[in-house]
Amino acid sequence: MSDSKKPQAELPGVVLVGVDLGFPHFDAELEELAQLAQTAGYRVVDRIACKRRAPDPALFIGSGKAEEIKALALGHGAREILFDQALSPAQQRNLERHLGMPVNDRTLLILEIFAQRARSHEGKLQVELARLQYLSTRLVRRWTHLERQSGGIGMRGGPGETQIELDRRMIGDAIKRTKERLEKVKRQRSTQRRQRERREAFTISLVGYTNAGKSSLFNALVKARAYAADQLFATLDTTTRQLYLGEVGRSVSLSDTVGFIRDLPHGLVEAFAATLQEARDADLLLHVVDASNPEHPEQIAEVMRVLREIGADDLPQILVFNKLDLVPEERQPLQRVDSIELEGESVPRIFLSAHTGAGLAELRGLLAERLLARLGERPDDPEGHANAEDSAQ
Ligand SMILES: Nc1nc2c(ncn2[C@@H]2O[C@H](COP(=O)(O)OP(=O)(O)OP(=O)(O)O)[C@@H](O)[C@H]2O)c(=O)[nH]1
Ligand SMILES: [Mg+2]
């Protein structure tokens with residue numbers, strides 16, 4: 001993304017707004033939204049949090065608060081306002097009119113980041129589909145603006161309405177075409193996967209909240225160079241490599257996947273279903289957690305929710321509590337490997353650091369145990385599956 005290379009001062013300034021509606025885990029400091037904004041190439045100039053019992057149907061916030069935000073934004077020379085919550089098309093339109101500048105929400109921000117990040121053909125198609133779907137719900141808004149501008153032409157129905165119809169049809173067609181193209185890529189992918197499955201004994205997927213350190217762990221394990229960065233959604237495409245486990249003398253296949261985030265726009269979950277499918281077909285999930293993030297229990301719950309949504313919640317998991325090097329002395333675990341209660345089940349947990357390498361040997365040990373158990377179940381493995389040669393880096 002070119003924007004991130006610009007000097008800070010040149011990036012468009014944004015004011016963040018969070019509305020506390022009394023739901024648990026309201027992030028008063030709007031930390032995650034700020035990270036999303038920075039990842040998308042904005043400069044956060046200020047943050048405002050306010051409390052409301054229920055969203056105002058017209059403005060989402062009260063008009064007094066809107067005035068306050070406006071003054072703040074103008075004072076800082078901000079170019080845009082970003083809301084942490086999803087706004088309805090009407091609320092967005094009203095707010096833009098009231099504040100005199102573009103207003104966007106978390107959903108659009110996530111879509112924007114995905115659009116900037118997508119590299120593969122499939123990834124681009126998935127983002128395009130999600131964007132079209134989002135756009136189709138906002139169509140009316142764009143055209144009511146225009147209608148008002150052109151104003152009073154006096155034609156029945158007005159040019160705006162015909163245009164909406166045309167646009168709706170165009171977007172509908174584009175959605176259909178994109179879906180068909182995605183379907184084709186998906187078929188190719190599943191053929192590739194089937195071929196891989198035939199070759200491999202054991203497949204492992206790294207899953208977890210965005211920024212937990214999945215790519216860093218992937219790199220540390222297979223000595224690869226997947227893109228790891230302190231940005232949300234650094235990874236969008238699945239990368240798969242062979243991981244050689246010397247203890248067993250065999251390789252397993254390890255996949256790095258897209259990260260999850262709370263309130264992932266629904267269109268995106270749907271669009272990325274094919275990518276997430278990779279996780280669903282795994283023999284084992286390494287659920288990576290940023291142990292240094294105070295929000296990690298909520299992040300685990302969110303990941304579990306998405307896993308349920310894609311039908312991967314019943315797969316065996318190992319919880320990997322990463323970033324051990326950032327956990328303060330007094331909260332360091334007594335044991336590297338233990339187990340934790342997760343939705344009524346006891347799940348093995350390992351503490352490690354992808355950065356320092358602490359705990360990596362133990363993790364390899366756990367993986368070797370799993371692989372041995374699998375080989376024990378299937379002793380008559382005629383092809384010997386993946387072998388030592390695959391480990392060549
Ligand atoms: N201190 C420390 N930082 C880490 C560790 N593992 C990862 N990080 C940092 O955490 C940030 C996110 O790491 P990534 O590996 O990109 O995380 P990810 O889960 O792949 O993130 P997405 O692809 O964005 O979902 C990067 O800045 C890493 O350098 C660790 O063990 N210790
Ligand atoms: Mg990543």
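Can you pull out every residue in region 38-60 that is within 17 Å of residue 73 (Cα to Cα) and part of a strand (DSSP E or B)?
Within region 38-60, 43, 44, 45, 46, 47, 48, 49, 50 meet the criteria.
Quickly run through region 27-37 and pick out the residues that are among the hydrophobic types (A, V, I, L, M, F, W, C), part of a loop (DSSP other than H, G, I, E, B) and surrounded by 16 or more Cβ atoms within 10 Å (Cβ to Cβ).
Correct list: 30 only.
Answer yes or no: is there a residue in region 267-288 that is within 21 Å of residue 26 (Cα to Cα), polar (S, T, N, Q) and touching a helix residue (DSSP H, G or I) at 6+ places or on another chain (Cβ under 9 Å). Let's see the steps before the verdict.
Filtering region 267-288 for residues within 21 Å of residue 26 (Cα to Cα) gives none.
No, region 267-288 contains no residue that is within 21 Å of residue 26 (Cα to Cα), polar (S, T, N, Q) and touching a helix residue (DSSP H, G or I) at 6+ places or on another chain (Cβ under 9 Å).
Please specify each residue of region 202-261 satisfying the condition of being within 8 Å of ligand 1 (Cβ to nearest atom), of a type in the set (D, E, K, R) and outside any helix (DSSP H, G or I).
Those that are within 8 Å of ligand 1 (Cβ to nearest atom), of a type in the set (D, E, K, R) and outside any helix (DSSP H, G or I): 230, 256.
When you look at residue 51, is it more than 17 Å from residue 93 (Cβ to Cβ), open to solvent by less than 60 Å² (accessible area, probe 1.4 Å) and touching a residue at least 12 places away in the same chain (Cβ under 8 Å), yes or no?
no
Could you please give the count of residues in region 74-113 that are without any contact (Cβ under 8 Å) to a residue 60 or more places away in the chain and closer than 24 Å to residue 136 by Cβ?
Of the residues in that region, 16 qualify.
Could you grab the pairs with beta carbons closer than 6 Å, sequence gap of 6+ or different chains, first residue in region 59-73 and open to solvent by 50 Å² or more (accessible area, probe 1.4 Å), second one modelled with pLDDT under 95 and in a helix (DSSP H, G or I)?
The qualifying pairs are 70/99.
The values are calculated or read from the model by the stated rules, or taken from the named source; none is laboratory data. Keep in mind that this is a model prediction, so the values were computed, not measured. Positions of Cβ are backbone-derived with ideal geometry, glycine not excepted, and every protein chain shown enters the neighbour counts. SASA here: full protein model, heavy atoms, side chains in, ligands and nucleic acids out. Shrake-Rupley method; radii C 1.70, N 1.55, O 1.52, S 1.80 Å.
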